[in-house]
1. Pick out, from Tyr130, Val72, Gln16, the residue whose Cα sits farthest towards the positive end of the charge dipole of the chain, with +1 on the Cβ of Lys and Arg and -1 on the Cβ of Asp and Glu.
2. Of all the accessible heavy-atom surface of the chain, with the other protein chains kept in place and a 1.4 Å probe, what percent is carbon and sulfur?
3. With r defined as the distance between the Cβ atoms of His23 and Ala115 and R0 fixed at 22 Å, what FRET efficiency is calculated, to the nearest 0.05?
4. List the residues whose amide H sits under 5 Å from the amide H of Ala105, counting only those 5 or more places along or on another chain, with H placed 1.01 Å from N in the peptide plane.
5. Using 1/(1 + (r/R0)^6) with R0 = 22 angstrom and r between the beta carbons of Arg2 and Ala60, what's the FRET efficiency to the nearest 0.05?
6. Distance in nm between label sites at Arg141 and Ala68, each 7 Å beyond Cα in the beta-carbon direction?
7. Probe of 1.4 angstrom, ligands and nucleic acids ignored: what's the accessible area per residue over the range 68-141, in square angstrom?
8. Sort all Cα-Cα distances of the range 25-141 into consecutive 10 angstrom bins from zero, then give the percent of pairs in each bin up to the one containing the longest distance.
Amino acid sequence: QREALQEVIQMLRDGQAGPMGAHMLVVTARGRKTGTPYSTPIGFMRQGDDALAVNRGGRANWYRNARATPEVELFIDGRDVTATCRHLDSEAEIAAAFEHYRQNAQGFERLFGVAPDASEQALLEARDAYCYVRFGDFVPR
């Protein structure tokens with residue numbers, strides 16, 4: 001699996017990811033136990049100058065590592081930057097991020113497993129299955 005991820009990372013860096021590349025970034029976070037840097041391609045959505053990302057259940061290593069050490073490196077929009085990863089934990093922040101995805105993401109139903117016009121209960125269940133982060137404070141490297 002790591003080899004496949006490295007191929008995707010290389011495609012993104014080489015500008016060969018096609019339309020998918022506009023919605024993906026590479027996050028490099030330090031391992032929470034070892035301090036070793038690990039790079040992972042993930043989907044994201046722009047919100048102003050920041051990038052939003054989600055992780056189902058908060059179990060992915062990139063998410064847990066970035067949560068432990070929020071200073072990360074990103075490859076985004078064809079450039080390398082350092083950034084701060086902030087876990088969204090207030091009800092208002094999570095609701096706003098989910099609504100931004102619902103209103104703007106073409107792949108909303110595929111990502112969250114529910115239609116954008118589903119019942120309020122179904123939308124709440126989908127929203128609450130994910131953890132949300134905001135990457136910001138970009139500084140070119």
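1. Val72
2. Details: 3850 of 8040 Å².
Roughly 48 percent, rounded to a whole number.
3. Working: r = 19 Å, r/R0 = 0.89.
Efficiency for this residue pair is about 0.65.
4. Amide H neighbours of Ala105, under 5 Å, 5+ apart: none.
5. Values: r = 14 Å, r/R0 = 0.61.
Efficiency, rounded to the nearest 0.05: 0.95.
6. 1.9
7. Normalised by residue count, the accessible surface of the range 68-141 is 55 Å².
8. Calculated P(r), rounded to whole percents: 14, 46, 31, 9, 0.
The values are calculated or read from the model by the stated rules, or taken from the named source; none is laboratory data. Here the structure is a predicted model, which means the values were calculated and not measured. Because the Cβ atoms are built from the backbone with ideal geometry, glycine has one as well, and the counts that use them run over all protein chains shown. Each accessible area value is taken on the protein alone, full model and side chains, heavy atoms only, with ligands, DNA and RNA left out. Shrake-Rupley method; radii C 1.70, N 1.55, O 1.52, S 1.80 Å.
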